[in-house]
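Written out below as structure tokens is the structure these notes cover.
The values are calculated or read from the model by the stated rules, or taken from the named source; none is laboratory data. All of these numbers come straight from a predicted model, not from anything done at the bench. When we count neighbours, we look across all protein chains shown, and the Cβ atoms used for this are built from the backbone with ideal geometry, even at glycine. Ligands, DNA and RNA are stripped out before the accessible areas are found, and what is left, the full protein with its side chains, is counted by its heavy atoms. Shrake-Rupley method; radii C 1.70, N 1.55, O 1.52, S 1.80 Å.
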Amino acid sequence: MKRIVVLASGRGTNLEAILEAVKSGDIAGEVALVISDQAQAQALQRAERWKVKALYINPKDYGSRDQYDQALVEQLKQEKIDLVVLAGFMRLLRPLFIRAFPLQIMNIHPSLLPAFPGLNGVGDALNYGVKVTGCTVHFVDEGLDSGPVILQEAVPVIQEDTAETLHQRIHASEYRLYPTAIDLFCREKLKVEGRRCMIID
Ligand code: GRF
């Protein structure tokens, strides 16, 4: 069984979808730990409800971003984590963290990357006027939303959309896509060659 940590700063609805998928056997792994950088994150409350170990690690307790990320690495190594899942984690991880878990960190982004990376993927797509956007699960490298793409799903933009309604439909797609990608990782079905991530039998 692969041991998964979910890092989340906010509502944690993707976390909830992942925990449900684990429970129903759709992810061949276990969520060993949830970590947040926000004391008030709903994600922490969700973890507690699911009886999953939940930690708030406060960035203000550390002198620098490197020290914070080093503390995370130590915690995850101690817990023998195989996969780091970012689910609305609003901090850029430092290279020392990325290098400690090569091709073992996944993120979900609410656009079809490489279009609209960054903090406002939904609003940027809407303002640009694209007719199709979506979500992307990718491995995390040292860039911003730039690692190898694992899965993507398209979501049409409709004329009446606001950022809120569009994000709601993208979320619905995320709740399917993220557990699928995590399960593929847990069953060792993902193989990365350069930028291309293959699904193997
Ligand atoms: C999701 O839209 C995800 O794409 C982005 O952050 C949001 C997290 O939402 N990276 P939630 O906390 O899982 O509800």
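Would you point out which residue out of 2, 51, 77, 60 is away from the ligand (no atom under 11 Å from the Cβ), touching a residue at least 60 places away in the same chain (Cβ under 8 Å) and outside the structural domain of residue 141 (by TED's automatic domain parsing)?
2
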Whichever residue in the stretch 130-145 is out of contact with any Leu (no Cβ under 8 Å at 6 or more places or on another chain) and either without any contact (Cβ under 8 Å) to a residue 40 or more places away in the chain or basic (Lys, Arg) (or both) and, among such residues, is surrounded by the most Cβ atoms within 10 Å (Cβ to Cβ): 130
Residue within the stretch 85-96 that is over 21 Å from residue 171 (Cβ atoms), without any contact (Cβ under 8 Å) to a residue 12 or more places away in the chain and not hydrophobic (A, V, I, L, M, F, W, C) present: no
Selected residue (criterion: most open to solvent (accessible area, probe 1.4 Å)) from residues of the stretch 12-32 that are acidic (Asp, Glu) and within 16 Å of the ligand (Cβ to nearest atom): 20
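Among the residues of the stretch 150-160, what is the count of those that are more than 15 Å from the ligand (Cβ to nearest atom) and surrounded by 14 or more Cβ atoms within 10 Å (Cβ to Cβ)?
Filtering the stretch 150-160 for residues more than 15 Å from the ligand (Cβ to nearest atom) gives 156-160.
Next cut, surrounded by 14 or more Cβ atoms within 10 Å (Cβ to Cβ) only: 157.
Matching residues across the stretch 150-160 total 1.
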Unmet criterion (only one of (1) open to solvent by 20 Å² or more (accessible area, probe 1.4 Å); (2) in the same structural domain as residue 144 (by TED's automatic domain parsing)) for residue 94: (2)
Residue match in the stretch 158-179 (condition: over 28 Å from residue 32 (Cβ atoms), among the small types (Gly, Ala, Ser) and assigned to a strand (DSSP E or B)): no
Test: residue 172 is within 16 Å of the ligand (Cβ to nearest atom) and in contact (Cβ under 8 Å) with a residue 40 or more places away in the chain: no
